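Remarks on the structure that follows.
Read-outs throughout are calculated quantities, based only on the coordinates presented, and are distinct from any laboratory measurement. Here the structure is a predicted model, which means the values were calculated and not measured. Using ideal geometry, Cβ is built from the backbone for each residue, glycine included, and neighbour counts are taken over all protein chains shown.
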């Protein structure tokens, strides 16, 4: 009871700290959360948790709706908001985007805007990515990491060649020296998991919302597939560091998986590129932005509300029910540091990623 009281008090203090202008900005208005993937996908599932709570956390209690604008591996919605097509800089449209570190690092031409140049950061969300496969990906069925080396017909399911999702899969398979074919163009996690169930793809990955709500009940528990590994982040010592909750469930990191499967540590330029990209992608898996030039009182109100949500008991409970994780909200100052890392990526890592997505060097 005391913990709940303190959480509610801290949320109330954060909201009360907003200026009088920001406290009135959203009164009698509607805020649209623009999601860059289809309904039922990971970003959409998370956005709808936010939708249920943001109205009471934003001063003025606006109506909050979700609009899905999939396409081009998430770049369509980002382009349209950044170019002023899907929303103006009026504080009434907020991009709730699955981010692609690959697209930003490689200056992917599909992404027609530079995120750091056209958007004002409101918040970001950290999140992990788990890789899974159909059991029949290897003859006789998969049971342990070393079995994967026998796979000869790997069909990896993805969204778009330049997304971090697809790049992760390609690099991991190439590091393991496995023959594969990418089957890409899916609009959301629901479409991709249906293809896995039908046997149209046999290797893919997911962030936690769809992993918890779709992959575990529909694919793992039904005996269709098996979890392989999750992608680690860079620890304080520069070494791979996994998610403690996933490790407790027996879901090892790619680093551990590779050692068990091949008896040595992963190494080389492709592994370095994968490791860095995963670190950035995990620490900013979702990005919440408004177009630059949006009213300062709207920015202030939204930033306060997103930070308050990270301390709000009701939001945290709903978020964990969907993702299996507590919300981990990144502040705008931290987002700017991530943008700075993207600007300073080692040229060799950039070359590997550009080669992976098929761009000319």
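A compact table of results
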{"read-out": "Residue exposure sequence - 35, 49, 290 - by fewest surrounding Cβ within 10 Å", "value": "49, 290, 35"}
{"read-out": "Residue-averaged [θ]222 nm for the chain, counting only DSSP H segments that reach four residues, each worth -39500 (n - 2.57)", "value": "-12500 deg cm²/dmol"}
{"read-out": "Over the chain, relative contact order from alpha-carbon pairs under 8 Å, at least 6 apart, %", "value": "26"}
{"read-out": "Sorted peptide list for 135-148, 223-236, criterion being average Cβ within 10 angstrom, highest first", "value": "223-236, 135-148"}
{"read-out": "Whole-Å semi-axes of segment 78-187's equivalent ellipsoid (Cα gyration tensor)", "value": "36, 14, 12"}
{"read-out": "Label-to-label distance, nm, for residues given as residue 153 and residue 107 (7 Å Cα→Cβ offset)", "value": "4.2"}
{"read-out": "Extension gain, residue 359 back to residue 272 (0.36 nm per residue minus Cα-Cα distance, nm)", "value": "29.4 nm"}
{"read-out": "Computed lengthening from residue 63 to residue 117, 0.36 nm per intervening residue step minus Cα-Cα distance", "value": "16.6 nm"}
{"read-out": "D (Stokes-Einstein, µm²/s), Kirkwood Cα radius, segment 206-314, 1.567 mPa s at 4 °C", "value": "76"}
{"read-out": "The chain, Rg to Rh (Cα coordinates; Rh as Kirkwood inverse mean 1/r)", "value": "0.97"}
{"read-out": "Separation in nanometres of the label points that stand 7 Å from Cα toward Cβ, at residue 334 and residue 313", "value": "2.4"}
{"read-out": "Length released on extending from residue 237 to residue 24, taking residue separation times 0.36 nm less the Cα-Cα span", "value": "72.1 nm"}
{"read-out": "Overall Cα dimensions of segment 145-279, principal axis frame, Å, largest first", "value": "40, 30, 28"}
